[in-house]
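So the structure is just underneath, and the comments pick up after that.
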Amino acid sequence: MNEQQRQHEQQQRHQQHDDTRQKSAVTVIGLGPMGRAMTRALLAAGHPVTVWNRTAGRADGVVAEGAVLAATPGEAVGASDLVLLSLTDYPAMYDVLDGAAASLAGRTLVNLSSDTPDRTRAAASWAAGHGAAFLTGGVMVPAPMVGTEAGFVYYSGPAEVLESHRATLALLGSPNHLGEDPGLAQMMYQAQLTVFLSTLSALMHATAMLGTAGMPAARTLPELLSFTDSIGAMLRAGEAAPGAALDAGEHPGALSTVTMMGATSDHIVETSTSLGLDLALPLAVQAHYRRAIENGHGGDNWTRIIDSIRKP
């Protein structure tokens, strides 16, 4: 290597060092797949990252990539103004941070764990009581998509807190602020997962149904997934788009009615019964339509089933 090359490499190292110093420090507590993915996204962008996990061995990979393993939660919190939590649930936050409460003042806690909106609101009050700002976050992609263009995260809590850390949080996924209520992001997360989990159960029920006729899952699932892809297009199209009508309390039955959809749900229950399949899902769906019919709404659009969901 000649002198010019050595000088160039030295300048690059100095530049990388300066860039790292200019990036704000971030702490990540909880190193499951999601926590490790967030840590790697932050490291890749040049942020100094301190990590802590109850099982310290989970940190080995990210430490090898440049993260610093804190010995205690208090040490981890004290290392950064921005602290990201990726834990099993909100009670885990108290388990981890109760002993580090003295370090919370002036920090921003961003809890990306899943729980109920009410527990989220209580956690925001708890954080405020210790002098910390608090954001609720819901990561809406699996760990491998964190930090990619496909990643997005719902947030709720003080807008100014999100704005002050937007550039850093955007490294995890596009930030979408829903409002000041700390429970909103958690509510959106639960709503999205309601659709997701229900769809997964429906896909498995349909796969089991077709399997009784000898169709292998390798052939069945592509057909089913193609149909689920088209549902969004159907519900966004012109007159069929139900959002505005739902907000107005209107359920026009020109295109599809509760009675028509209810008859289909009856057939699904009958078929599933004859095949010896579990009936939990089809019976639940059937119940929505039967209640709407019993309440005199058979001629309304299928969206009328929302009434008994709102007030069972």
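As a summary of the residue check, Leu172 satisfies the conditions (1) outside the structural domain of Ser125 (by TED's automatic domain parsing); (2) closer than 26 Å to Asp118 by Cα except for the one numbered (1). Taking the listed residues Ser164, Ser198, the one that is over 20 Å from Arg119 (Cα atoms) and out of contact with any Ser or Thr (no Cβ under 8 Å at 6 or more places or on another chain) is Ser198, with no other qualifying. If only residues of region 49-68 that are among the aliphatic types (A, V, I, L, M) and in contact (Cβ under 8 Å) with a residue 12 or more places away in the chain are counted, the one that is nearest to Leu172 (Cα to Cα) is Val49. Of all residues in region 131-151, those satisfying the criterion of being over 17 Å from the mean Cα position of the chain (by Cα) and either of a type in the set (A, V, I, L, M) or surrounded by 17 or more Cβ atoms within 10 Å (Cβ to Cβ) (or both) are Ala132, Ala133, Phe134. Being surrounded by 11 or more Cβ atoms within 10 Å (Cβ to Cβ), free of Cβ contacts under 8 Å to residues at least 24 places away in the same chain, more than 17 Å from the chain's Cα centre (by Cα) and over 30 Å from Arg310 (Cα atoms) is a condition met by at least one residue of region 222-237. Does Gly183 satisfy the criteria of being touching a residue at least 24 places away in the same chain (Cβ under 8 Å), touching a helix residue (DSSP H, G or I) at 6+ places or on another chain (Cβ under 7 Å) and either closer than 30 Å to Leu84 by Cβ or surrounded by 12 or more Cβ atoms within 10 Å (Cβ to Cβ) (or both)? When the stated conditions are applied, Gly183 passes them. For region 257-275, filtered to residues that are without any contact (Cβ under 8 Å) to a residue 60 or more places away in the chain and more than 18 Å from Gly298 (Cα to Cα), the residue that is surrounded by the most Cβ atoms within 10 Å (Cβ to Cβ) is Ile268. Applying the selection to region 114-130, what residues are modelled with pLDDT of 95 or more, crowded, with 18+ Cβ neighbours inside 10 Å and either among the hydrophobic types (A, V, I, L, M, F, W, C) or in contact with an Asp or Glu (Cβ under 7 Å, 6 or more places away or on another chain) (or both)? Answer for region 114-130, where residues must be modelled with pLDDT of 95 or more, crowded, with 18+ Cβ neighbours inside 10 Å and either among the hydrophobic types (A, V, I, L, M, F, W, C) or in contact with an Asp or Glu (Cβ under 7 Å, 6 or more places away or on another chain) (or both): Ala123, Ala124, Trp126, Ala127. The single condition from (1) modelled with pLDDT of 95 or more; (2) in contact with a Pro (Cβ under 7 Å, 6 or more places away or on another chain); (3) surrounded by fewer than 21 Cβ atoms within 10 Å (Cβ to Cβ) that Gly46 fails is (2).
The values are calculated or read from the model by the stated rules, or taken from the named source; none is laboratory data. No experiment lies behind these values; they were computed from the predicted model shown. Don't worry about glycine lacking a Cβ; one is built from the backbone with ideal geometry, like all the others, and counts go over all protein chains shown.
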